[in-house]
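Notes follow the structure.
The values are calculated or read from the model by the stated rules, or taken from the named source; none is laboratory data. Since this is a predicted model, take the numbers as computed values, not measurements. Cβ placement follows ideal geometry from the backbone for every residue including glycine, while neighbour counts extend to all protein chains displayed.
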Amino acid sequence: MLDSTKKVFIETLGCSKNVVDSERVGFILSNHGAQIVDDPELADVVMVNTCGFIEDAKEQSIEYILMYAKLKEELKKKGKNQKLVVFGCLAERYKNELINEIPEIDFISGVRDYFALISSLNGNGKGKVLDTSCEYRDIIFSEREFRRVVNKEYPYAYVKISEGCNHSCSFCAIPIIRGKQRSRSIESLVDEVKFLSDNGIKEIILVSQDTTSYGVDIYKKPMLPELLYQISKIEGIEWIRLHYLYPTEISDEIISVISSIDKVCKYIDIPFQHASNRILKLMRRGGSKEEYIDLVNRIRDKIKDVTLRTTFIVGFPSETNEDFKELKDFVEKIQFTWVGVFNYSHEEGTYYYSLVDNVPKNVKSKRRNEILKLQQSITQNNLRTLVGKVKKVIIDEVLDDKNYIARSEYNSPEVDGSIHLVSTKKLKKGDFVDSFIIKVVGYDLYAKTI
């Protein structure tokens, strides 16, 4: 056990999957006697959960590490001996480089060494990395009683159903960092969702590197439909949302389950990444533009009023104006509701790192802005179809006695627009109410309760 006066601050960078990791780490540390605090200046230990997926994320992670390294030195002058611990994706990928270049780091750990983080609070030396076996490293992830600190600031929670990825996309460093796919059991996930529901969570967002292939490694077949059926039985959970469905793995069964289970949001996040067949082949995505169009048509035929979200990468090596035009035409044709766009990041160790990163940065940024500008009008047109309709919404934030920030099943938190709601009835976070959509402003909707 740790000294009960030990205060720990955790900074989480990167994706929603990192949020789950940090909440898990926070629970482990609390269970061993530490106090989790919200102010880094009050902490005895500052922990930075890093992202190492693309260049921008790596730079942000390093900026935060340096910021906390500076805080550590400032507190040292005041007589406080604060520790700096770095973990997560960047630490997994660049342990030695970080230790050598940022000497203020006291302890560094990867993406699965959660017990090593406890050791860091018990006085391990500067730069020490706990060397553990793969079985030991995975025990925290695979155990049935998957507990975590529940963030009650919002009524939703991310649930990571598997770790790692079996695909070999040529631009992606995730398999290097996170390894092959390792699914959690249905029993452990149902147990976790019940735990979250008991703690006031109303919406569950299922995430992983490849949500569609959930269960293949342990059940020898995709088990996402069965998982959705089991979670939908849990009392207190009103919405189940799906993120990151790999396009070539979406079966008719998955489409049917999304359509038939009321609790499953009619919202699908499918990262298509591109639409030029030449670029898709270089990306090793395993699909074609024609197959993607057919998939979208099948989804829209089976799921009424479905909302589609996707992400694209622009500036992949050798991407021509013609390739980019194909992507723009695809965006125009499909009419997604939500789109995210990333500039290609040339990541060492990936399959096609040997290719020359020959699209200039300014061209990548120009292409990204073009897609976003095109998509803005498409998103607004899609949102206008909701004006004059009544939609069930969840309250995310209470601004005052009359004004609230809400979402419908067509809005995922953090990445999509919100609903500005006016209500004559006093509401609280997590309440579900019917609202009348009044107008569209930018990416947001304005509504009033019925």
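When 81, 49 are checked against the criterion of being touching a Leu at 6+ places or on another chain (Cβ under 9 Å) and surrounded by fewer than 17 Cβ atoms within 10 Å (Cβ to Cβ), 81 stands alone in meeting it. Within region 162-179, residues that are aromatic (Phe, Trp, Tyr) reach partners that are assigned to a helix (DSSP H, G or I) with beta carbons closer than 7 Å, at six or more positions or on different chains, in the pairs 171/283. Assessment of region 189-207 against the conditions (closer than 19 Å to residue 88 by Cβ and at pLDDT 90 or above) yields at least one matching residue.
For the residues 39, 21, the requirement of being charged (D, E, K, R), outside the structural domain of residue 159 (by TED's automatic domain parsing), surrounded by fewer than 20 Cβ atoms within 10 Å (Cβ to Cβ) and over 18 Å from residue 348 (Cβ atoms) singles out 39. Residue 318 satisfies every condition listed in (1) modelled with pLDDT of 95 or more; (2) farther than 16 Å from residue 364 by Cβ; (3) not in a helix (DSSP H, G or I) except (2). A Cβ distance below 8 Å, combined with a sequence gap of six or more or placement on separate chains, defines the contacts here; from region 427-450, residues that are at positive phi reach residues that are crowded, with 18+ Cβ neighbours inside 10 Å and in a strand (DSSP E or B) in the pairs 430/394; 430/395.
Taking residue 255, is it assigned to a helix (DSSP H, G or I) and either within 23 Å of residue 335 (Cβ to Cβ) or not assigned by TED's automatic domain parsing to the domain that holds residue 303 (or both)?
Details: assigned to a helix (DSSP H, G or I): yes; either within 23 Å of residue 335 (Cβ to Cβ) or not assigned by TED's automatic domain parsing to the domain that holds residue 303 (or both): yes.
Answer is yes for this residue.
Inspect all residues belonging to region 18-33 and state whether any of them is under 13 Å from residue 90 (Cβ atoms), modelled with pLDDT under 85 and part of a loop (DSSP other than H, G, I, E, B). No, there is no match, as no residue in region 18-33 is under 13 Å from residue 90 (Cβ atoms), modelled with pLDDT under 85 and part of a loop (DSSP other than H, G, I, E, B).
In region 264-278, how many are aromatic (Phe, Trp, Tyr) and either outside the structural domain of residue 241 (by TED's automatic domain parsing) or in contact with a helix residue (DSSP H, G or I) (Cβ under 8 Å, 6 or more places away or on another chain) (or both)? Steps first, answer last, please.
If we filter region 264-278 for residues that are aromatic (Phe, Trp, Tyr), which is where we start, we get 267, 272.
Narrowing the set further to residues that are either outside the structural domain of residue 241 (by TED's automatic domain parsing) or in contact with a helix residue (DSSP H, G or I) (Cβ under 8 Å, 6 or more places away or on another chain) (or both) leaves 272.
Total satisfying the criteria: 1.
When the residues of region 373-407 are filtered to those that are part of a strand (DSSP E or B) and without any contact (Cβ under 8 Å) to a residue 24 or more places away in the chain, which remaining residue is surrounded by the fewest Cβ atoms within 10 Å (Cβ to Cβ)? It comes out as 403. The residue that is farthest from residue 25 (Cα to Cα), counting only those in region 100-111 that are at pLDDT 90 or above and among the aliphatic types (A, V, I, L, M), is 102.
For region 197-218, the tally of residues that are in a loop (DSSP other than H, G, I, E, B) and either among the polar types (S, T, N, Q) or buried (at least 18 other Cβ atoms within 10 Å of the Cβ) (or both) stands at 8. In region 337-352 there is at least one residue that is among the hydrophobic types (A, V, I, L, M, F, W, C), in a strand (DSSP E or B) and farther than 30 Å from residue 447 by Cβ.
Of the listed requirements (1) part of a loop (DSSP other than H, G, I, E, B); (2) surrounded by 14 or more Cβ atoms within 10 Å (Cβ to Cβ), residue 447 misses just one: (1).
The residues of region 219-241 that are without any contact (Cβ under 8 Å) to a residue 40 or more places away in the chain and part of a loop (DSSP other than H, G, I, E, B), listed by number, are 220, 221, 222, 233, 235, 236.
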